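Participant: Got a structure here, written out as structure tokens. Questions coming.
The values are calculated or read from the model by the stated rules, or taken from the named source; none is laboratory data. Just so it is clear, the structure is predicted and the values come from calculations on it, not from any experiment. Glycine gets a Cβ as well: all are built from the backbone with ideal geometry, and neighbour counts include every protein chain shown.
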């Protein structure tokens, strides 16, 4: 992929996360300062590579799971290459303040971190507390327009029903794990992304905190907040 194609794909993903609608060439042409014809040509190449799709004739484009995966991998590479510690923004500080207030009780600290992620990302939040899976913000999840269709909602519910045993069996071993759409072992057709961070706690060396939401995510921000929540809990607990 060329650098411009990477930037156009990122713009489609980020704009789609904001407006929940296909992204057209006119919007991108203004953003990149080139003609609509140039953007349409680049979009055609991205579509050939399987990174974007056209949901309806004459509509704009939306990202595919493969497009999201390429984008998330790019974000992870950038995080690995950035050796400087990231300055905490207001959202990260809000999580830290809330968790520090409950640091005397591990279970309350973890619940507070989850509740903060729910408020900040508008996703469903989850964490393992011993043998229990704590869930918060289910209403956020099913209020997303992608899950208005019954089939998607059922697939998401199936994923939730089986999430706890799957986490025990799979034990994802990266500090941050992102499972996009069809990559989820359960509910492959749900159109949901699971973003989780592994951390050590008094309960287990493989405790998890994260969010579940539509594949239409502000991945850069959500991944950063989930990674921060996991690292902070490990440090405090």
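Participant: So, in the range 199-223, how many residues would count as being farther than 20 Å from residue 137 by Cα and either touching a helix residue (DSSP H, G or I) at 6+ places or on another chain (Cβ under 9 Å) or surrounded by 21 or more Cβ atoms within 10 Å (Cβ to Cβ) (or both)?
Facilitator: So the answer is 7.
Participant: Can you name the condition, by its number, that residue 97 falls short on among (1) exposed (fewer than 15 other Cβ atoms within 10 Å of the Cβ); (2) outside any helix (DSSP H, G or I); (3) modelled with pLDDT of 85 or more; (4) in the same structural domain as residue 203 (by TED's automatic domain parsing)?
Facilitator: Unmet condition: (2).
Participant: Checking residue 193 against (1) without any contact (Cβ under 8 Å) to a residue 60 or more places away in the chain; (2) surrounded by 15 or more Cβ atoms within 10 Å (Cβ to Cβ), only one condition comes out false. Which one?
Facilitator: (1) is the only condition that residue 193 fails.
Participant: Continuing with the same structure: Go through the range 158-178 and report how many residues are free of Cβ contacts under 8 Å to residues at least 60 places away in the same chain, farther than 16 Å from residue 141 by Cα and not in a loop (DSSP other than H, G, I, E, B).
Facilitator: First, the residues of the range 158-178 that are free of Cβ contacts under 8 Å to residues at least 60 places away in the same chain: 158-175, 177.
In the following step, the residues that additionally are farther than 16 Å from residue 141 by Cα were identified as 162, 164-175, 177.
Going one step further and asking which of them are not in a loop (DSSP other than H, G, I, E, B), we end up with 162, 164-170, 177.
Number satisfying all stated conditions: 9.
Participant: With respect to residue 137, is the statement that it is surrounded by 21 or more Cβ atoms within 10 Å (Cβ to Cβ) and at positive phi true? Walk me through how you get there before you give the answer.
Facilitator: On the way: surrounded by 21 or more Cβ atoms within 10 Å (Cβ to Cβ): yes; at positive phi: yes.
Judged against the criteria, residue 137 is a match.
Participant: Looking at (1) surrounded by 16 or more Cβ atoms within 10 Å (Cβ to Cβ); (2) farther than 23 Å from residue 234 by Cα; (3) at pLDDT below 95, which is the only condition residue 72 fails?
Facilitator: The single condition residue 72 does not satisfy is (3).
Participant: Tally time: how many residues in the range 84-136 are closer than 18 Å to residue 163 by Cβ and in contact (Cβ under 8 Å) with a residue 40 or more places away in the chain?
Facilitator: The qualifying residues number 14.
Participant: Restricting to the range 100-110, give me the number of residues that are out of contact with any helix residue (DSSP H, G or I) (no Cβ under 8 Å at 6 or more places or on another chain) and either more than 14 Å from residue 202 (Cβ to Cβ) or not in a loop (DSSP other than H, G, I, E, B) (or both).
Facilitator: Pass one, the range 100-110, residues out of contact with any helix residue (DSSP H, G or I) (no Cβ under 8 Å at 6 or more places or on another chain): 104-108.
Going one step further and asking which of them are either more than 14 Å from residue 202 (Cβ to Cβ) or not in a loop (DSSP other than H, G, I, E, B) (or both), we end up with 106-108.
Selection size over the range 100-110: 3.
Participant: Which condition does residue 5 not pass, out of (1) part of a helix (DSSP H, G or I); (2) surrounded by 13 or more Cβ atoms within 10 Å (Cβ to Cβ); (3) free of Cβ contacts under 8 Å to residues at least 40 places away in the same chain, if it passes all the others?
Facilitator: Only one criterion in (1) part of a helix (DSSP H, G or I); (2) surrounded by 13 or more Cβ atoms within 10 Å (Cβ to Cβ); (3) free of Cβ contacts under 8 Å to residues at least 40 places away in the same chain is unmet by residue 5, namely (3).
Participant: Considering only the range 184-196, I want to know if a residue exists there that is assigned to a loop (DSSP other than H, G, I, E, B), in the same structural domain as residue 137 (by TED's automatic domain parsing) and closer than 16 Å to residue 111 by Cα.
Facilitator: So the first thing to find is which residues in the range 184-196 are assigned to a loop (DSSP other than H, G, I, E, B), and the list is 184-187, 191.
Filter again for in the same structural domain as residue 137 (by TED's automatic domain parsing), leaving 184-187, 191.
Of the ones still in play, those that are also closer than 16 Å to residue 111 by Cα are none.
Scanning the range 184-196, I find no residue that is assigned to a loop (DSSP other than H, G, I, E, B), in the same structural domain as residue 137 (by TED's automatic domain parsing) and closer than 16 Å to residue 111 by Cα, so the answer is no.
Participant: Go through (1) more than 24 Å from residue 183 (Cβ to Cβ); (2) in contact with a strand residue (DSSP E or B) (Cβ under 9 Å, 6 or more places away or on another chain) and name the single condition residue 11 misses.
Facilitator: Going through (1) more than 24 Å from residue 183 (Cβ to Cβ); (2) in contact with a strand residue (DSSP E or B) (Cβ under 9 Å, 6 or more places away or on another chain) one by one, residue 11 breaks only (1).
Participant: Yes or no: the range 217-232 includes at least one residue that is farther than 22 Å from residue 109 by Cβ and touching a strand residue (DSSP E or B) at 6+ places or on another chain (Cβ under 9 Å). Before you say what the answer is, go through the steps one by one.
Facilitator: The first filter runs over the range 217-232 and keeps only residues farther than 22 Å from residue 109 by Cβ, leaving 217-221.
In the following step, the residues that additionally are touching a strand residue (DSSP E or B) at 6+ places or on another chain (Cβ under 9 Å) were identified as 217, 219.
Yes, some residue in the range 217-232 is farther than 22 Å from residue 109 by Cβ and touching a strand residue (DSSP E or B) at 6+ places or on another chain (Cβ under 9 Å).
Participant: If you scan the range 29-64, which residues turn out to be touching a helix residue (DSSP H, G or I) at 6+ places or on another chain (Cβ under 8 Å), buried (at least 19 other Cβ atoms within 10 Å of the Cβ) and within 25 Å of residue 223 (Cα to Cα)?
Facilitator: 46, 51, 52, 61, 62, 63
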